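Just so it is clear, none of the values below were taken in a lab; they were calculated from the coordinates. On a predicted model such as this, the values are computed, not experimentally measured, just so you know. Positions of Cβ are backbone-derived with ideal geometry, glycine not excepted, and every protein chain shown enters the neighbour counts.
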């Protein structure tokens, strides 16, 4: 399917990168990593970074974590929503992974904003307009992915199997 390349899942907050990624990894008998979890293994929570206004150090650590994961055996990697902002990270992922954009339309994101705003440090204190602008900026980065899959809200297992079908069709 993807030979020895990693499968890196990108998408906006709430797209299903972690929930779908763990099922996909299980089905492909690969390890699964969530870069947000891996960043937190370095001693600080993401909430701590953003509460201190330290997005730049967080993004640098996130880039380091992605590089380390790409040096390992083929895995399924759920990328943080902003991981593709870093040019070096984007280039590495382009070269060493099948970069998959799990696309969710703004209307679905908008409907889930109360939950996302309560659970995502980057969104706290932002207006809907500011979040929409962030969504649009990130969409430009996600558009560079090797594969775009429109994620359906049909449950984790069925949605993961749809993603697997797209991966298999890609060969």
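Table for the structure above
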| quantity | calculated |
| --- | --- |
| Whole-Å semi-axes of the ellipsoid equivalent to the range 24-66 (Cα gyration tensor, √5λ, descending) | 25, 10, 8 |
| Distance between the range 136-158 and the range 1-67 - C-alpha centres, whole angstrom | 15 |
| Sites residue 27 and residue 95, calculated FRET efficiency, Cβ-Cβ separation with R0 30 Å, nearest 0.05 | 0.75 |
| Cα pair distances in the range 3-95, grouped into 5 Å bins until the bin that holds the longest one, percent each | 3, 14, 26, 25, 20, 9, 3, 1, 0 |
| For a label point 7 Å along the Cα-to-beta-carbon line of residue 139, residues of the range 2-22 with backbone N under 19 Å | 10-17 |
| DSSP beta bridges in the range 6-170 [antiparallel fraction, %, rounded to 5] | 0 |
| Most fluctuating residue given options 63, 118, 78, as computed from a GNM of the chain linking Cα atoms under 10 Å | 118 |
| Helix-only CD estimate at 222 nm, as mean residue ellipticity for the chain, using -39500 (n - 2.57) per DSSP H run (n ≥ 4) | -16000 deg cm²/dmol |
